[in-house]
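Okay, so here's the structure we're looking at.
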Amino acid sequence: MTKTLLSLSFSPRVASTSAALADGFIADWHKANPDAELRQRALGREAIAGPDEDWIAANMTPEAERTPDQANLLAASDQAIADLHAASHIVIATPMFNFGLPWTLKSYVDLIVRVGKTFSFDPATGFGPLLSADKKLMIVWSSAGEYQPGTPTEPFDHLTPYLRQVFGFMGITQSDAVSAGNMWGGPDAAAASLSAARAQLAALSPTW
């Protein structure tokens, strides 16, 4: 089965640490999977229109009954969800903002978590995932501080637990996360963190 890697970048910066790390990882991964299809979406430097009242009304309208305007309101969400269903591997590159997600990534999450599309709901049985459990998720992120497991500031990381929970809710439970912290810790600390992140990603790329 042909692999498809979906690359999603959410940094608002042109020179992005997280995007550069993810690009290096994807290049190494593609060498090990030369027949794989790559789909890249740079979503950090443009406004992502999240759900508003009209969007919610369109989403709650049965698909066969939607007007053309309602279908247009949901088009970006439909495309993002189609990308997820088509992908075997998903790479999210993002900075941490204020211990959590940048607004563009949160808006993206609000577009993809849709009943009947990425999860199901039945009053009798509750929620169920609609994305294949065979998919893999890689989270590559950067931050001003250091939030690695085992550090005193680990509890401040609300980015990786949130993304793992959201994608797990939709069915994707195979996930890895690699971070480059201490970007504001001085040149030596930043360089050491970047080097460690690159090494970790390089070790994961051949078999991921």
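Values quoted throughout were computed directly from the atomic coordinates according to the rules given, and no laboratory measurement underlies them. Not measured: the values here are computed from a predicted model. We place every Cβ from the backbone using ideal geometry, glycine too, and count neighbours over all the protein chains shown.
Assuming 0.36 nm per residue, please report the length gained on full extension of the stretch TRP103 to THR173 beyond their Cα-Cα distance. Mind dumping the intermediate values first?
Values: separation 70, 0.36 × 70 = 25.20 nm, distance 2.35 nm.
In short, 22.8 nm is gained.
The alpha-carbon of LYS31 sits under 27 angstrom from the alpha-carbons of these lysines, leaving out residues fewer than 8 places away in its chain: LYS3, LYS135, LYS136.
Rounded to the nearest 20 debye, the dipole size of the chain about its Cα centre is 460 debye, using +1 on the Cβ of Lys and Arg and -1 on the Cβ of Asp and Glu.
What does the extension gain come out to for ALA15 and TYR162, with contour length at 0.36 nm per residue minus their alpha carbon separation? Spell out each step's value before the answer.
On the way: separation 147, 0.36 × 147 = 52.92 nm, distance 2.54 nm.
Result for the pair: 50.4 nm of gain on full extension.
Give me the number: length gained by fully extending ASP83 to LEU130, i.e. 0.36 nm times residue separation minus the C-alpha to C-alpha distance, one decimal in nm. Kindly include the intermediate steps, with their values, before the conclusion.
Details: separation 47, 0.36 × 47 = 16.92 nm, distance 1.37 nm.
Gain in length upon complete extension: 15.6 nm.
For the chain, the longest principal axis of the Cα atoms and the long axis of helix 17-32 meet at an angle of about 80 degrees. Site pair VAL115 and ALA191 shows an inter-label distance of 5.5 nm when each label is modelled 7 Å from Cα along Cα→Cβ. In this label model, MET60 and THR2 are separated by 4.1 nm, measuring between points 7 Å along each Cα→Cβ vector. With bins 5 Å wide beginning at 0, the percent of Cα pairs of the chain falling in each bin runs 1, 7, 14, 18, 19, 16, 11, 7, 4, 2, 1, 0.
Tally the DSSP beta bridges in the chain and give the antiparallel ones as a percent, rounded to 5.
15
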